[in-house]
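Report on the structure given below.
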Amino acid sequence: MDWGYKNRLSRIIRPQTGRTVMLAVDHGYFLGPTHRLEDVYTTVEPLLDQADALMLTRGILRSSIPAETATPIVLRVSGGSSIIGEDLSNETIMTSMEEAVRLNVAAVALSIFVGSDYEAQTLENLAILVDMAQEYGIPVLAVTAVGKELEKRDSRFLALSCRIAAEFGAGFVKTYYCDDFEKVVESCPVPVVIAGGPKLETELDAFKMAHDAIRMGAVGVDMGRNIWQNDHPMGMIKGIRAVVHENASPEEAYEIFASYKVS
């Protein structure tokens, strides 16, 4: 592994703990304006210092994120379908590696849709991206997407998807938390972060999901809606950081969150 590659990955997965809290704000690439992400700068700017990395598209990076930020960037480079289209899995690579270098990113991210009609296409996208990124020493984050079929999120399917992503050369993988999640992690030879997914019913549910995923071997979270759609996003990200980096319990994380409700 080249020095530049290792350096970039260490900016995302903190060497002090071996873990990461990524903030996902790339939802607009297929969802368009998302609740509380209509004005990205207003929502995200106060949270930047609390995120170990920020995942987003080049358009939002250029238009909405101050160039002075020290927060590492994980650049979403795949896309091509929208939520109103026929099939979300019909994606391709939308951003060049030269563009990623110009934007000084720490990693690039791409979705794979194992089991979909476009499985081969998205896996080919991953193989091509890994080859392109390797030339510049840039890690690739493979996102094990399921499109609109959320019922696919079981350990057998996610273990299959994560292992295939690693076999194709992904440097780390983003997937969903599920029952028997340890089976997903144990069979994946590269670091695994969990997606926050749709906003959960309670804050404690989000803290518990993060806590259980870390306990079962995940290196962190890439959370979006459960943080910035909350009425108290700073309390949420502070609580998640405590779980990930300080081994806080869900109840301890909630106490941190609750302190921001009254401040």
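Just so you know, all these numbers are worked out from the coordinates, no wet-lab data involved. Bear in mind the structure is a predicted one, so any value in this text is a computation, not a measurement. Heads up, the Cβs are rebuilt from the backbone with ideal geometry, glycines too, and the neighbour counts pull from every protein chain shown.
The table below lists the values:
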| item | result |
| --- | --- |
| Candidates per GluC sites (Glu not before Pro) in region 185-263, loop by DSSP, up to 12 other Cβ within 10 Å | 201 |
| Chain lengthening between residue 1 and residue 180 when straightened (0.36 nm per residue, less Cα-Cα) | 61.3 nm |
| Ranked list, fewest to most other Cβ atoms within 10 Å of each Cβ, for 118, 260 | 260, 118 |
| Whole-angstrom gap from region 91-130 to region 170-245, using each part's C-alpha centre | 22 |
| Estimated D of the chain in µm² per second, where Rh is the Kirkwood radius over Cα pairs and Stokes-Einstein applies at 20 °C, 1.002 mPa s | 117 |
| Estimated FRET transfer efficiency when R0 is 30 angstrom, pair residue 68-residue 205 (beta carbons, to 0.05) | 0.30 |
| Entries of 6/174; 6/238; 199/238; 208/238; 174/199; 174/261 with Cα pairs more than 22 Å apart | 6/238; 174/261 |
| For region 37-160, convex hull of alpha carbons as volume per residue, Å³ | 128 |
| Sequence of 156, 36, 8 once ranked by neighbouring C-beta atoms within 10 Å, starting from the fewest | 156, 36, 8 |
